[in-house]
Amino acid sequence: MARARLVKPEFFSSPVVGELTYRARLLFQSIWTEADDYGVIKESIPLFRTKAFPFDAETDEHIAADVAHMIDLGLLYRAQAVPVKKDVVIADATIVDVLVVTSWAEHQSPPKPTRKWRLVGDMLDDVLAPQPTEVTQQKGLNFGGIYATAWKEAHGDAPTQASIKRVAGAAKKLVDKEGRDPAVVEQAVVAAALSGHANVDSAYLMVVSKATRKDGYGRGSALERKRATQMSTVEKYRRMEQGETKEVGS
């Protein structure tokens, strides 16, 4: 089912978006509305054409060329995924080719995101057979504290307790239930804080996909410029826990 999505003013002044044809820009926005709440959509050129241009004489060749151009610009990337329902892989699911909106978390923040696809392969570890471990407890990881510290540095105030709890739970699930790298999850937690939202799953996809375009719509996004800040914030929090530095604003 299609969803309403945000279009920010900077979309229209983005140099990367400016490299697209008028048709491709409209197609890009149509893909947003058809993608799930994590920016993942099954790759289907005929479906893209009928959804974006029901009244126009566009061809599959036109749409395929536009998609290829968006991939070249880093606005989208190809991956493979399996369908899920309530975050559980559907029985006897078949792996399919999907497209992922590269900097989704930087521009879209659905309040209660639902996932239609679980990525597998190079971008994310295969989650068909995750091996749960209590890594967060063993290593004493405090994702809620990391989030709160990063938020305060970025925005000057404290995040809500509900946001901290949501972030901590989502990050713990990524590490303990899905076996994700704790260091990468930490980066996702900080990225979510810097972007002003609490959607760790979406931020994790953005970190893993290495979105790197200056204007935030393709390669070189604002996340790349914040990468050093993310890691320094994580390290600063760890030092603060050990009493080596003062809390921000103290």
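Readers should treat all values here as calculations from the given coordinates under stated rules, not as data from a laboratory. Quantities reported herein were computed from a predicted structural model and do not represent experimental measurements. Don't worry about glycine lacking a Cβ; one is built from the backbone with ideal geometry, like all the others, and counts go over all protein chains shown.
Label positions at D181 and D157, each projected 7 Å from the Cα along the C-beta direction, are separated by 3.6 nm. Taking 7 Å steps out from each Cα toward its Cβ at T59 and V96 produces label points 2.6 nm apart. Modelled spin labels at L47 and T21, positioned 7 Å past Cα toward Cβ, are 2.3 nm from each other. For the residue pairs K85/K152; K116/K172; K51/K173; K51/K177, the C-alpha atoms sit more than 32 angstrom apart in K85/K152; K51/K173; K51/K177. In terms of other Cβ atoms within 10 Å, F28, F12, F55 run from fewest to most in the order F55, F12, F28.
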